[in-house]
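Colleague: First the structure, then my questions, so here it is.
The values are calculated or read from the model by the stated rules, or taken from the named source; none is laboratory data. The structure presented is a predicted model; accordingly, all values stated were derived computationally and were not measured. FYI the Cβ positions are ideal-geometry reconstructions off the backbone, even for glycines, and counts take in every protein chain you see. SASA here: full protein model, heavy atoms, side chains in, ligands and nucleic acids out. Shrake-Rupley method; radii C 1.70, N 1.55, O 1.52, S 1.80 Å.
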Amino acid sequence: MPDSQPRRPDDNAPDSADAATTDPAPALVLTGARLTDGRAVDVRLSGSRIEAVGTAGSLASRGPRIDLRGYLLLPAPAEPHAHSDTALTADSTGPDGPGPASHRAEDIQRRATEAALLQLGHGATSLRAHVRIGDVQGLAALEAVLQTRRALRGLADLTAVAVPRLLTGVAGADNLAMLSDAVKMGAAVVGGCPDLDPDPTGYTAAVLEVAAEHGCPVDLHTDGDDPTRLARLAAMAGGLRPGVTLGPCAGLAHLPLETATRAADQLAAAGITVVCLPQGGCAGSERRTTVPVRLLRSAGVRVAAGSGALRDTANPVGRGDPLEAAYLLASQHGLRAEHAYAMVSTTARAALGLPDVRVEAGFPAELLAVRGERLSAVLSLAYSRIVIHRGRVVARTSAVREYCDSDSDTGPDLPRQGRPDPGAGPKS
């Protein structure tokens, strides 16, 4: 008998209309997967949800099956802070580069699509992309990213954040009008960087007003190094629905402990989510440090982790890998592996307004299978991965490590990484 029976949690995920237009995937059974609690299970997927979970070998199906013996099965990560319009442009700069990256819509779309597929291959089935609007480019970059969103339908869910540079005074008047146009065009989130505007408070007020008018979430860039400005922002944003996200807030790490603690309490009271960037900064941040994660968490702030820049001028070697972000949170910030992974999966999904995912019947079939038996090992060596979005496999990465044979009969019996023997029974 299955260990869990179907249930229907509330699903207020964005892009539900897209889900309705996507043909349901055929029933799929994942066999012999290991869960983080040590159980070996079979998981049956039907449509976009988990239909049943049972002990290994207990679920029969006439449909396709995937042998996941040797894999750890996890809720899929989400990417809460990407920069799709500038991704993969680092090679165009420098003394040997061909020159500035092309701003043509088709080139931005190509790079944004390639970046999203790279992140999907790492496991991120939902992404939030911050896209610059205004100035010379107007809404061209946003339109390109929205085209990417449509091209990825069925593979991954991409949400665009409209990010104007200035919003106050005469210089910001056109951008303010364009911000409303961006939402009407398809940007689902209103963002920006108040720190770069001559009037940060006025900028924040303008963003919040547009968001309230259209019923959109808010996602702002800030270093968080000015406690007075941060307190004012928290007071202005407190209680806004559907919610406010800030990031990367790395400047909090440079404030005196007492000041940072007070700021954390203010963010928690306002219900603001903070997205940190353990792998590096982004174009909206000048600091390479990471927000004091444990301080914020202890104050009750919801903290998620994103990738930030992906091989652009802000971070020429960015990987866009959620598991690397979790690894850095565990290795450099002292978080337990399960808490670190939750920041790129469960908490990241909550920051994006997505429903919770658990490997239980009734939950969304958004899953990541990684070769390994324990979460700590997976965060260290996450090579082979199988990504499942809406109940079907959308990406697979296979890695095989072999060691050379020894000429000596007394040589060491070196291990080889490969697929388990198909005839062998599931691991216990």
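Colleague: Looking only at Leu127, Leu257, Leu155, which one moves most when the chain is put into a Gaussian network model with springs between Cα atoms under 10 Å?
Modeller: Fluctuation is largest for Leu257.
Colleague: Here are several values of Cα Rg over 2.2 N^0.38 Å: [x] 0.93; [y] 1.02; [z] 1.20. Which one was derived from the coordinates shown?
Modeller: [y]
Colleague: For the chain, modelled as a Gaussian network with Cα springs under 10 Å, which listed residue fluctuates most, Pro322, Pro248, Pro292?
Modeller: Comparing Pro322, Pro248, Pro292 in the GNM, the peak value goes to Pro292.
Colleague: Turning to a different aspect of this structure: At what distance in angstrom do the alpha carbon centres of the range 263-339 and the range 355-380 lie from each other?
Modeller: Cα centroid to Cα centroid, the span is 21 Å.
Colleague: Go ahead and set up a Gaussian network model of the chain, Cα springs under 10 Å, then flag whichever of Ala82, Ala325, Ala151 fluctuates most.
Modeller: Of Ala82, Ala325, Ala151, the most mobile in the Gaussian network model is Ala151.
Colleague: Also, quick follow-up: With a 1.4 Å probe and all protein chains in place, put His214, His130, His122, His103 in order of accessible area, largest first.
Modeller: Numbers: His214 60, His130 5, His122 35, His103 105 Å².
Solvent-accessible surface, decreasing: His103, His214, His122, His130.
Colleague: Which residue, Ala235, Gly202, Val218, has the largest displacement toward the positive end of the dipole of the range 194-236 when charges sit on each Cβ (Lys, Arg +1; Asp, Glu -1)?
Modeller: Of the listed residues, the answer is Ala235.
Colleague: Of Ser380, Pro248, Gly306, which is farthest along the charge dipole of the chain in the positive direction, counting Lys and Arg as +1 and Asp and Glu as -1 at C-beta?
Modeller: Ser380
Colleague: Rounded to the nearest percent, how much of the accessible area of the range 58-177 (1.4 Å probe, protein heavy atoms only) is carbon and sulfur?
Modeller: The computed percentage sits at 55.
Colleague: Another question about this same structure. Given a cut-off of under 8 Å on Cα pairs at least six residues apart, what relative contact order in percent is computed for the chain? Could you put the intermediate results ahead of the total?
Modeller: Values: 998 pairs, mean separation 85.5, N = 428.
It rounds to 20 percent for the chain.
Colleague: So how do 275-281, 237-243, 47-53, 374-380 stack up, highest first, on mean other-Cβ count within 10 Å? Write out the running numbers ahead of the final one.
Modeller: Details: 275-281: 25.4, 237-243: 15.0, 47-53: 21.7, 374-380: 17.4.
Most protected by this proxy first, the peptides run 275-281, 47-53, 374-380, 237-243.
Colleague: If you count the DSSP beta bridges with both ends in the chain, what percent of them are antiparallel, to the nearest 5? Each step should come with its number before you reach the end.
Modeller: Details: 30 of 61 bridges.
Among the beta bridges of the chain, antiparallel pairing accounts for roughly 50 percent.
Colleague: How tilted is helix 322-333 with respect to the longest principal axis of the chain? Cα atoms for both, answer in degrees (0 to 90, nearest 10).
Modeller: With rounding to tens, the tilt is 80 degrees.
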